[in-house]
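Participant: Below is the structure I would like to discuss, written out as structure tokens.
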Amino acid sequence: MPTLFKKVTDLIGTASYGILFLTFIFQVIMRFVFNKPLTWSDELIVILYVFSMFWAGAFLLREKDHVMLDLIYEHLPLQGKRIFSIAYSLLIGGLFLWAVPASYSYISFMMREKTPVLDVPFGIVFGAFMLFLIAVGLFYVRKLFVLCGANWQAEVAPIARDDHNSESVE
């Protein structure tokens, strides 16, 4: 049963992409059916796309859904997978969290600049990137604690093969 947090993040992600899609359809209808192109729709679509992609990367995609090169990792024994996972958790989590202060500074600076049509501060537009950095960074901190704990085998256990997934290349 999904948690309340998962339900809320799914709802926000679905709503943002749904609004993006409806805006796009509305834009096409206005331009090609009524010959009345809209100025605000392109900007809203870009803002929603940026938000949707960072939101999905932060809260909706599971780790195995992200692009990763695991040719070596999959052939390691469990202890090797643990060491490898600790190393990349330190690297990825550390780099993402290390980038937070500088990103926050830039996003705060960009609050004074606004989008040309909708007049939305760029700090709000890029705010989803900050959420992405923090969420992914904290995910890898949590993973690091699990890998250093007693139940580390569950974190590096092989991912079950999905025979119904057309993207599976195994």
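Participant: Apply 1/(1 + (r/R0)^6) to the Cβ-Cβ distance of residue 120 and residue 4, taking R0 = 22 Å, and write down the FRET efficiency to the nearest 0.05.
Facilitator: It comes to 0.15.
Participant: If you build the convex hull over the alpha carbons only and average its shadow over all orientations, what do you get for the stretch 16-103? Give it in nm² to one decimal.
Facilitator: 8.5
Participant: Right, another one. Can you give the accessible area of residue 40, probe radius 1.4 Å, in Å² rounded to 10?
Facilitator: 90
Participant: If I take R0 = 35 Å and measure r between the Cβ atoms of residue 61 and residue 22 in this structure, what FRET efficiency does the formula 1/(1 + (r/R0)^6) give, to the nearest 0.05?
Facilitator: Efficiency for this residue pair is about 0.90.
Participant: Give the accessible surface of the stretch 11-164 per residue, rounded to a whole number of Å², with probe radius 1.4 Å and ligands, DNA and RNA excluded.
Facilitator: 66
Participant: Percent of accessible area on the stretch 1-99 owned by carbon and sulfur, 1.4 Å probe?
Facilitator: 76
Participant: Determine, at each q value in 0.09, 0.10, 0.11, 0.14 (inverse angstroms), the log₁₀ of I(q)/I(0) that the Debye formula gives when each Cα of the chain is one equal point scatterer.
Facilitator: Reported log10 I(q)/I(0), two decimals: -0.45, -0.55, -0.65, -0.93.
Participant: Quick one: pull the percentage of alpha-carbon pairs in the stretch 88-161 with a separation above 13 Å.
Facilitator: Taking all Cα-Cα pairs of the stretch 88-161, the fraction more than 13 Å apart is 70 percent.
Participant: Turning to a different aspect of this structure: In the Gaussian network model of the chain, springs joining C-alpha atoms below 10 Å, which of 110, 53, 68 carries the largest mean-square fluctuation?
Facilitator: 68
Participant: Mind checking which of 128, 58, 99 has the largest fluctuation in a GNM of the chain, springs on alpha carbons under 10 Å?
Facilitator: Comparing 128, 58, 99 in the GNM, the peak value goes to 99.
The values are calculated or read from the model by the stated rules, or taken from the named source; none is laboratory data. Just so you know, these numbers come straight off a predicted model, no measurement behind them. Note that each Cβ is placed from the backbone with ideal geometry, even for glycine, and that neighbours are counted across all protein chains shown. Surface areas here come from the heavy atoms of the whole protein model, side chains and all, with no ligands, DNA or RNA. Shrake-Rupley method; radii C 1.70, N 1.55, O 1.52, S 1.80 Å.
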